[in-house]
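Participant: If you scroll down you'll find the structure; I have some questions about it.
The values are calculated or read from the model by the stated rules, or taken from the named source; none is laboratory data. Owing to the predicted nature of the structure, the values given are computational and were not obtained by experimental measurement. Cβ atoms come from the backbone with ideal geometry, glycine included; neighbour counts cover every protein chain shown. Ligands, DNA and RNA are stripped out before the accessible areas are found, and what is left, the full protein with its side chains, is counted by its heavy atoms. Shrake-Rupley method; radii C 1.70, N 1.55, O 1.52, S 1.80 Å.
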Amino acid sequence: MPGFELIGQEEKAALAALIDNSGILAAHGFNDKRNGVFEVRSLEREFAARMQTPYATAVSSGTAALKVALKALGVGAGDEVITQAFNFIATVEAILDCGATPIVTTIDESLNMDPLDLRRRIGPRTKAIIVVHMLGAVANLSDVLAIAREHGIPVIEDACEAPGALWDGRPVGTLAELGVFSFDMGKLMTAGEGGMIVTSDERLHRFCKEYHDHGHENNPTLPRGRDSRTIYGFNYRMTELQACVARVQLRRLDHMLAENWRRHDALHARLGRYGRTLFARSRPNAEIFIFRPPTAQIKAAALEVLREHQIGTKNLPDAIEWHCAAFWDHAVSAGEVAHSKSTQHHLESCLSIPIWLRRPVEDYELLANRLANLCE
Ligand SMILES: *Cc1c(COP(=O)(O)O)cnc(C)c1O
């Protein structure tokens, strides 16, 4: 979340330099006019390097990234794709947009995909799995990936809310067949809108490159207007303006992670026993602290304290309807809605506390004390 709080001089200077030095706002073409400036191509290289993965494709949004990733796996009509009941509607939309059927699992104590339910929900039509690292913390990746491999089903990691989080020291988003990220206004790293697809599979990468750009193969021996093609695609391209801002934000990522952790630690020190399960092999990006007040009465009082401190909540409970499949009777089957009720109840006991980087650590220490006092 805090990426937008820090937008300032560096972004301004980078945008001015782009306009002064090139003035070309599209990722491709105009090679004789752009003075060698390629913001989108540079962002892709830098993002792949930061995430320690070979390939990255920049796209127009995280939702577009999900759609392109599903297409790369060949998801289409008649297929089922399994994701989780605590989620953002974008995953289900991308599945539906491919003509496939969304299936949602319940969640475990990490609030992410419950591997036990995943195993139960796999069937003959399961074509892919989208595991989501919600609110900055990592799902049980070892179990999810092991079950998927047992069945030969490819996995997409939705790391839109978890850039910089780790599993076994490796950046999340890079542990499965494909990973997706978002740079929308609510995300840790933001460019207003934007997304990224990462993979270590050269064939999947090539599909993503072509599909997000009308099927262009970017054949280096041919001008773009004569470019070779084997598939049709769509326009899910990122602009140079977005990439220019995203590059600044990427350079700031480690700083933001460190500052997130100082505030998260302050909350964890007093409220750790009321938090969610964080797997020992994982390191969240610490942009959110989940607080589970022991009673409904304490929850109501905690909400009042969060309001007083002008820290508020993010998604839980304020936007639960966009994040829980129990509310999605417009998009998933009645059976999936019913299956998601236990997840809804689980989420209703949680408050998600946003980490604001413009707020000093002391504010979070004070908040932690007040919330802990409510519980004791
Ligand atoms: C934000 C988000 C998306 C979609 O990203 P956009 O860039 O807003 O399209 C997908 N999945 C999750 C978990 C998200 O939080």
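Participant: For residue 118, indicate whether it is over 28 Å from residue 211 (Cα atoms), touching a helix residue (DSSP H, G or I) at 6+ places or on another chain (Cβ under 7 Å) and either within 16 Å of the ligand (Cβ to nearest atom) or not in a strand (DSSP E or B) (or both).
Facilitator: yes
Participant: When you scan the range 188-198, how many residues do you find that are near the ligand (Cβ under 8 Å from one of its atoms) and surrounded by 23 or more Cβ atoms within 10 Å (Cβ to Cβ)?
Facilitator: Within the range 188-198, residues that are near the ligand (Cβ under 8 Å from one of its atoms) and surrounded by 23 or more Cβ atoms within 10 Å (Cβ to Cβ) number 2.
Participant: Also, quick follow-up: Is at least one residue of the range 71-78 at pLDDT 95 or above, assigned to a loop (DSSP other than H, G, I, E, B), open to solvent by 60 Å² or more (accessible area, probe 1.4 Å) and of a type in the set (Gly, Ala, Ser)?
Facilitator: Among the residues of the range 71-78, at least one is at pLDDT 95 or above, assigned to a loop (DSSP other than H, G, I, E, B), open to solvent by 60 Å² or more (accessible area, probe 1.4 Å) and of a type in the set (Gly, Ala, Ser), which makes the answer yes.
Participant: Among the numbered criteria (1) outside any loop (DSSP other than H, G, I, E, B); (2) under 19 Å from the mean Cα position of the chain (by Cα), which one does residue 238 miss?
Facilitator: For residue 238, the failing item is (1).
Participant: Here's something else I'd like to know. Quick check on my filter: what residues within the range 292-331 are more than 21 Å from the chain's Cα centre (by Cα) and surrounded by 14 or more Cβ atoms within 10 Å (Cβ to Cβ)?
Facilitator: Hits for the range 292-331 are 292, 293, 298, 299, 301, 302, 303, 305, 306, 309, 311, 312.
Participant: Name the pairs whose Cβ atoms lie under 9 Å apart, with the first residue in the range 189-209 and farther than 20 Å from residue 136 by Cα, the second open to solvent by 40 Å² or more (accessible area, probe 1.4 Å) and within 16 Å of the ligand (Cβ to nearest atom), and 6 or more positions between them or separate chains?
Facilitator: What qualifies is 207/71; 208/71.
Participant: Moving on to the next point. So which residues in the range 79-91 are open to solvent by less than 10 Å² (accessible area, probe 1.4 Å) and either within 25 Å of residue 205 (Cβ to Cβ) or part of a loop (DSSP other than H, G, I, E, B) (or both)?
Facilitator: 81, 82, 83, 85, 87, 90, 91
Listed here are the residues, each with its yes/no results for (1) out of contact with any strand residue (DSSP E or B) (no Cβ under 6 Å at 6 or more places or on another chain); (2) over 23 Å from residue 325 (Cα atoms).
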| position | (1), (2) |
| --- | --- |
| 100 | no, no |
| 105 | no, no |
| 120 | yes, no |
| 129 | no, no |
| 141 | no, no |
| 160 | no, no |
| 190 | yes, yes |
| 193 | yes, yes |
| 202 | yes, yes |
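Participant: Go through (1) open to solvent by 10 Å² or more (accessible area, probe 1.4 Å); (2) of a type in the set (Asp, Glu); (3) not in a helix (DSSP H, G or I) and name the single condition residue 210 misses.
Facilitator: Evaluating residue 210 over (1) open to solvent by 10 Å² or more (accessible area, probe 1.4 Å); (2) of a type in the set (Asp, Glu); (3) not in a helix (DSSP H, G or I) leaves (3) as the failure.
Participant: Take the residues of the range 335-348 that are of a type outside the set (Val, Ile, Thr) and within 23 Å of the chain's Cα centre (by Cα): which is most open to solvent (accessible area, probe 1.4 Å)?
Facilitator: 348
Participant: What is the number of the single condition among (1) open to solvent by 40 Å² or more (accessible area, probe 1.4 Å); (2) within 28 Å of residue 5 (Cβ to Cβ); (3) away from the ligand (no atom under 12 Å from the Cβ) that residue 185 does not meet?
Facilitator: (3)
Participant: Among (1) out of contact with any Ser or Thr (no Cβ under 9 Å at 6 or more places or on another chain); (2) open to solvent by 30 Å² or more (accessible area, probe 1.4 Å); (3) of a type outside the set (Asp, Glu), which single condition is residue 266 missing?
Facilitator: Result: residue 266 passes all but (2).
Participant: Could you grab me the full set of residues in the range 36-49 that are open to solvent by 60 Å² or more (accessible area, probe 1.4 Å) and assigned to a helix (DSSP H, G or I)?
Facilitator: 41, 45, 46, 49
Participant: If I ask for residues that are open to solvent by 10 Å² or more (accessible area, probe 1.4 Å), under 20 Å from the mean Cα position of the chain (by Cα) and of a type in the set (Val, Ile, Thr), which ones from the range 106-152 would you list?
Facilitator: 106, 107
Participant: Within the set of pairs 6+ apart or on separate chains, which have a first residue in the range 228-240 that is more than 26 Å from residue 183 (Cβ to Cβ), a second that is open to solvent by 50 Å² or more (accessible area, probe 1.4 Å) and assigned to a loop (DSSP other than H, G, I, E, B), and C-beta atoms under 7 Å apart?
Facilitator: Note: pairs meeting the criteria are 228/217; 228/222; 229/217.
Participant: Follow-up question, since we're still on this one. For the condition under 15 Å from residue 133 (Cα atoms) and open to solvent by 30 Å² or more (accessible area, probe 1.4 Å), what is the one hit in 166, 222, 178?
Facilitator: When all the criteria are applied, what remains is 166.
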